[in-house]
Every structure is written in structure tokens, then in C-alpha cells.
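Take a look at the structure set out below.
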Amino acid sequence: MTHIDVQSALAESLSMPYHDLVTRRTGAAVRTFIELQLSGLADGTVAFLDFSRIGVLDRSCADEFVAKLMLPLTVENPSRDGYVVLHGLSEGHLDSIEQVLHAHGLALVVQFPDGIAHLVGAVTEVERRLWQIVMVSGRVAVDGLAAETGLAIDEALALLDSLARRRLVRREQDCYCPLGTAA
Amino acid sequence: MTAVITLPASLDEPNFESVIEQLAAVPDDAKVLVDARHCRFATPYGLTALLCLAQSRLEKPEFAPPEEESTASYWARASFFKYAEELYTMRGTVPKARATGATDVLLDVTPVARNEDVHAIVTRIQEKATQILTNTLDLEPRATMGFSMTLSEACSNIIEHAGRGGWVMVQRYNWSKRRVGRDVVQIAVNDAGVGFRRSLETSRARALADRWDDAIALESGVMNAVSRLSDPGRGQGLKGIRGWVHRFDGKLTVRSGKARIAPIIPDWDDDVPRQDDLPNFPGTQLQVIIPKRVLSA
């Protein structure tokens with residue numbers, strides 16, 4: 001698990017003491033900076049991106065930074081194995097991020113101020129339910145999940161693998177674990 | 001021979017059309033004199049559009065400043081002359097900007113040409129406008145975030161798509177005697193760049209359209225979030241602006257080339273949704289008006 005302060009990344013990537021994530025150019029600069037940091041992490045590491053010192057986050061910047069940071073991680077065979085969790089988001093940040101996630105069919109795990117993790121973005125109700133069971137269980141195998149949800153094992157497996165490919169849960173051998181917990 | 005373009009006494013968004021009409025009769029390379037001597041009032045839209053007018057001329061135009069001292073003084077305080085003196089040849093002297101106390105100018109005339117400009121604009125508007133937006137317009141803190149986002153997205157569009165720098169200005173007005181009957185904030189973000197039609201020339205919307213003109217391009221870009229790039233994440237900025245303006249009972253108008261649309265018309269206004277075949281004016285001119293929130297009993 002590693003913590004990345006987004007405001008520091010913003011200031012360093014543009015060499016200016018900015019606090020607002022606005023414009024596509026800024027988003028691209030911050031994404032490139034953070035991608036470099038993520039590339040130095042061990043496989044399977046969960047990076048917590050901390051937005052608590054960020055003021056405004058507009059949608060164009062959110063698209064260029066957050067959505068495009070996640071897109072390469074969620075392809076069938078990603079070039080690296082990393083996970084991202086967002087925290088320190090304001091209501092305004094969340095609104096921008098949700099819109100761009102939906103535009104790309106992406107979703108993300110967001111840790112709210114109460115410490116509870118939520119799934120935001122493009123997810124179906126059944127995906128959200130499975131994800132919540134994984135969160136509550138901590139570590140769960142597919143047969144247990146299928147029994148709890150009433151889904152066929154093949155169906156539950158396909159959905160869980162999809163959640164894992166989308167970087168919303170971690171697959172550890174035959175089990176699925178929430179992000180940010182010990183495997 | 002110099003063509004004289006006479007400004008109306010009140011230079012706001014609707015009345016700027018009379019300026020464009022006069023310009024339409026003048027060849028692009030003709031010398032023009034913009035006569036503001038009898039102008040008494042100008043909104044952010046009017047002032048920023050005047051700078052766009054100068055940018056659009058092949059030959060540097062001349063400018064006769066307002067004769068009314070208070071008008072000229074306000075234009076100076078709004079930083080209009082700071083940039084107008086670069087773009088126009090001034091006829092006569094213009095007053096120097098003098099610092100005043102409380103002002104309704106939330107953001108004076110500011111150029112938008114680089115990424116850093118947008119950061120500076122968002123920083124300044126948050127420093128200066130948050131108190132007015134929350135205390136005077138009774139907007140929630142969340143709305144002030146939307147206000148900053150609207151500014152940043154509109155200014156970003158200039159940098160991304162216009163192909164030339166533009167201008168932004170924000171001002172508060174007391175409109176208690178108008179139909180809306182309350183305070184409003186006006187945002188104008190204007191440029192004299194390529195406009196929606198040319199910007200979206202390579203878009204999928206253009207490829208699928210039987211007809212392609214400024215109005216269709218405007219509707220594609222503003223209403224349907226079409227971008228010249230096929231990336232599904234594009235077009236989010238204007239969509240966000242529309243959503244925010246609608247949520248806070250505001251009004252949005254966008255003019256480009258020969259068309260103008262008003263995608264958000266609140267109950268307190270009676271504009272028309274779309275106008276075609278207007279006289280041509282280069283670039284894109286966007287205006288947002290947000291009224292004071294009506295607090296429910």
C-alpha cells in the first residue's frame with residue numbers, strides 16, 4: 001500500500017504551487033507524473049491517491065487524469081499489475097470523477113471520510129452486490145459467493161473476474177480480496 | 001476610407017448584435033473605427049467581444065473611448081483598456097485604472113491563451129468570488145465549486161479548440177428592476193478563433209450530417225457533447241456547464257459564426273432557443289447568467 005498526495009504531484013509536475021486540477025493539459029501532466037510513481041511500485045501494490053489538498057477538479061482534467069490513469073490498467077492484459085483507491089474527495093470532486101468514469105465504462109474504489117470504501121462509476125447492481133460481499137468478507141472464494149448470492153458458479157466467476165480485471169477487487173489464487181487489505 | 005462602427009448606448013449580449021450587423025457590411029480588410037463615445041454601459045460580454053472584434057480585423061482598428069467619465073473609468077477598472085490599447089489604436093486618451101474599494105467586478109477582463117491562465121483565473125475567482133456567491137447570491141459552497149468549474153471548462157475550450165487566445169470577465173449586477181428581480185452574476189468567455197463549425201469539421205457528427213452549418217455544429221457541441229476527437233471522455237466540459245447552469249436556474253447562450261443557441265432558458269427569461277443566419281462573427285462567445293438563489297420558506 002502506498003500513499004500519493006495528489007496536490008504534491010500537481011505542484012511538482014507543473015513546477016507551480018497549484019491546488020486546482022483544471023484543464024486537460026494539467027490532467028495529462030499529473031497523470032504522467034503519477035504513472036511514473038506507480039511504475040516503480042511492486043506488482044499488486046494498492047496506491048491511495050489523496051485528493052484532500054485539491055480545490056477544484058473539473059471534468060476535463062478528471063478525464064485526462066483519473067480516467068486515463070485507469071484505462072491501461074483495466075485492459076485484458078495490462079502491462080503492470082497495480083491498483084488505485086481514491087480518498088480525500090469532496091462532493092465536487094466526486095461529481096466530476098463519476099461523470100468521466102461513466103463516459104468510459106470505468107469504476108473505482110473510493111474511500112469516504114468515514115473510512116468506508118464505496119464503488120463509484122459504471123457498475124451494475126449485481127456487480128456492486130458481489131463487490132460488497134467481498135468487502136465484508138475480506139477474502140472469499142467463488143463457491144461461497146455464488147451460494148450467498150444465488151448466482152451460478154460460472155456466472156459468479158465471470159463477474160468476479162471482471163471486477164478483478166477492472167481493478168476493483170484483487171484475485172489471490174482462487175479467492176477474491178478487497179483492495180487495501182492483506183492478501 | 002474608414003468605416004465607423006457605432007456602439008449602442010448599452011453594450012450587452014443582445015445589443016452586440018447591432019455591432020456585428022454593422023461589421024457585416026464592411027470588408028474584412030477595411031479600416032474600422034469603433035466609436036464608443038456614446039456608450040454608457042457595457043457588460044462582460046460587451047467588453048470581451050470588443051476585444052474579439054479587434055482580433056478579428058486584418059488591419060488594426062481605431063477606438064474612440066466613451067465620453068462619459070464614469071463609463072470610461074469603469075472600463076479602465078475592468079482592465080478593458082489595458083488590452084484594448086494593444087489591439088486598437090486609441091483616439092484620445094483613456095483613464096488609468098484606479099484602485100477602488102468594494103467592487104462588483106468579480107474577475108476583470110483577463111486573457112485566456114495558456115494553461116497557466118486558466119489556473120490563475122480559477123485561483124482568483126475563488127479568492128474573490130466565493131464570499132459574494134455564498135453571501136450575496138445565497139449559493140451553496142458546492143455551487144461555488146461549479147462556478148469555478150464552469151469558468152475553467154469554458155476557458156479550457158479556448159485553449160483546446162479556438163486556435164487563438166480569448167477573454168473572460170465576471171461581474172455581479174443588481175437586477176432587482178428587471179424581470180428576474182434579483183442579483184445576478186454574469187460570466188462571459190469570448191474568443192475570435194475558429195468557432196464550432198470549423199472545430200468540429202473532422203468530427204463524426206460532421207461525417208453523419210446531411211447539412212453542416214454553424215447552428216448544427218453548435219447544437220452538436222453544446223447539446224450533444226460532440227467533440228472533434230472520438231474519445232468518449234471528450235465533450236464533458238460543456239455538458240458539465242449545462243448541468244450546473246440548469247441546476248442553479250441560470251441561463252446559457254453560445255454564439256458561433258452565424259448562429260446562436262440558448263440551451264438553457266430559465267423561467268425568468270424569454271429568449272429563443274436557436275437563431276440561424278445571423279451576420280457572421282468569428283469564434284465562440286459564451287455567456288452564463290446565474291441569479292441569486294430563491295430560498296424556500
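The values are calculated or read from the model by the stated rules, or taken from the named source; none is laboratory data. This is a predicted model, so every value here is computed, not measured. With ideal geometry, Cβ positions are generated from the backbone for all residues, glycine too; neighbour counts draw on all protein chains shown. We work out accessible area using only protein heavy atoms, side chains counted, and drop any ligands, DNA or RNA first. Shrake-Rupley method; radii C 1.70, N 1.55, O 1.52, S 1.80 Å.
Please report the base-10 log of the normalised intensity I(q)/I(0) for segment A:46-120, using a Debye sum with one equal scatterer per alpha carbon and no solvent, at each q in 0.12, 0.18, 0.20, 0.27 (1/Å).
Relative scattering, expressed as log10 I(q)/I(0), comes to -0.30, -0.69, -0.85, -1.44.
So what is the calculated 222 nm ellipticity per residue for chain B, using -39500 (n - 2.57) for each DSSP H run with n of 4 or more, over all residues, to the nearest 500 deg cm²/dmol?
-10000 deg cm²/dmol
How much length is gained on full extension from residue B:25 to residue B:114, taking 0.36 nm per residue of separation minus their Cα-Cα distance?
28.7 nm
Quote the relative contact order of segment B:1-122 in percent (integer), defining contacts as alpha-carbon pairs under 8 Å separated by 6+ residues.
22
So which of B:96/B:292; B:177/B:251; B:251/B:292; B:82/B:258 end up more than 21 Å apart by C-alpha?
Correct reply: B:96/B:292; B:82/B:258.
Starting from the Cα coordinates of segment B:1-96, work out the convex hull volume and express it per residue in Å³.
80
Suppose R0 equals 51 Å. What FRET efficiency, 1/(1 + (r/R0)^6) with r the Cβ-Cβ distance, do residue B:58 and residue A:43 give to the nearest 0.05?
0.25
Keeping all protein chains in the complex and leaving out DNA, RNA and ligands, what accessible area do you get for residue B:267 with a 1.4 Å probe, in Å² to the nearest 10?
Here the accessible area works out near 140 Å².
Can you work out the base-10 log of I(q)/I(0) for segment B:102-297 at q = 0.09, 0.12, 0.14 1/Å, using the Debye formula on its C-alpha atoms alone?
Cα-only, vacuum Debye calculation for segment B:102-297: -0.32, -0.58, -0.78.
Can you give me the % of accessible surface on the protein assembly as shown that is carbon or sulfur? Probe 1.4 Å, all protein chains present, nothing else counted.
Ligands and nucleic acids excluded, carbon and sulfur give 49 percent.
Quick one: accessible surface of residue B:185, probe radius 1.4 Å, all protein chains present, in square angstrom to the nearest 10.
0
Could you compute the FRET efficiency for residue A:136 and residue B:202, with r as their C-beta to C-beta distance and R0 at 56 Å, rounded to 0.05?
0.70
Within the P(r) computed for the protein assembly as shown, what percentage of the Cα pairs occupies the region above 39 Å?
Roughly 31 percent, rounded to a whole number.
What's the buried accessible area, both sides, between A and B using a 1.4 Å probe, rounded to 100 Å²?
The summed interface area works out to 2100 Å².
Rounded to the nearest 0.05, what FRET efficiency is calculated for residue A:147 and residue A:124 with R0 set to 22 Å and r the Cβ-Cβ distance?
Computed FRET efficiency for residue A:147 and residue A:124 comes out at 0.65.
Check which residues have an amide H placed less than 5 Å from residue B:3's amide H, if you skip close sequence neighbours.
Placed amide hydrogens put B:31, B:32, B:33 under 5 Å from residue B:3.
For segment A:1-122, with the dipole built from +1 on Lys and Arg beta-carbon atoms and -1 on Asp and Glu ones, taken about the Cα centre, which of A:52, A:102, A:36 lies farthest toward the positive end?
The Cα lying farthest towards the positive end belongs to A:36.
Could you state the accessible area per residue of the protein assembly as shown in Å², with a 1.4 Å probe and every protein chain left in place?
43
Show me, for segment A:94-109, the HN-Hα J-couplings you get by feeding each phi into the Karplus relation (A = 6.51, B = -1.76, C = 1.60, θ = phi - 60°), rounded to Hz, glycine and proline as x.
Coupling constants for segment A:94-109: 4, 4, 5, 5, 4, 4, 6, 5, 4, 4, 9, x, 9, 9, 8, 8 Hz.
Hey, rough spin-label estimate for residue B:89 and residue B:3, points 7 angstrom out along Cα→Cβ, what's it come to in nanometres?
Once both label points are built, they end up 1.8 nm from each other.
Principal axis lengths of segment A:123-183 from Cα atoms, whole Å, largest first?
28, 21, 18
Quick one: compute the contact order of chain B, relative version, from alpha carbon pairs under 8 angstrom and 6+ residues apart, as a percent.
Relative contact order of chain B: 16 percent.
What is the ratio of the Cα radius of gyration of chain A to 2.2 N^0.38 Å, where N is its residue count, to two decimals?
That works out to 1.02 for chain A.
Determine the dipole magnitude for the protein assembly as shown: charges of +1 sit on the beta-carbon of Lys and Arg, -1 on that of Asp and Glu, nothing else is charged, the reference point is the Cα centre, and the result goes in debye to the nearest 20.
780
Using a 1.4 angstrom probe with every protein chain in place, what is the largest-first accessible-area order of B:17, B:219, B:153?
B:219, B:17, B:153
How far, in nm, would the chain grow between residue B:40 and residue B:224 when pulled straight, counting 0.36 nm per residue and subtracting the alpha carbon separation?
Result: 62.4 nm gained on full extension.
Note down the nm distance, to one decimal, between modelled labels 7 Å out along Cα→Cβ at residue B:67 and at residue B:276.
Label at residue B:67, label at residue B:276, 4.3 nm between them.
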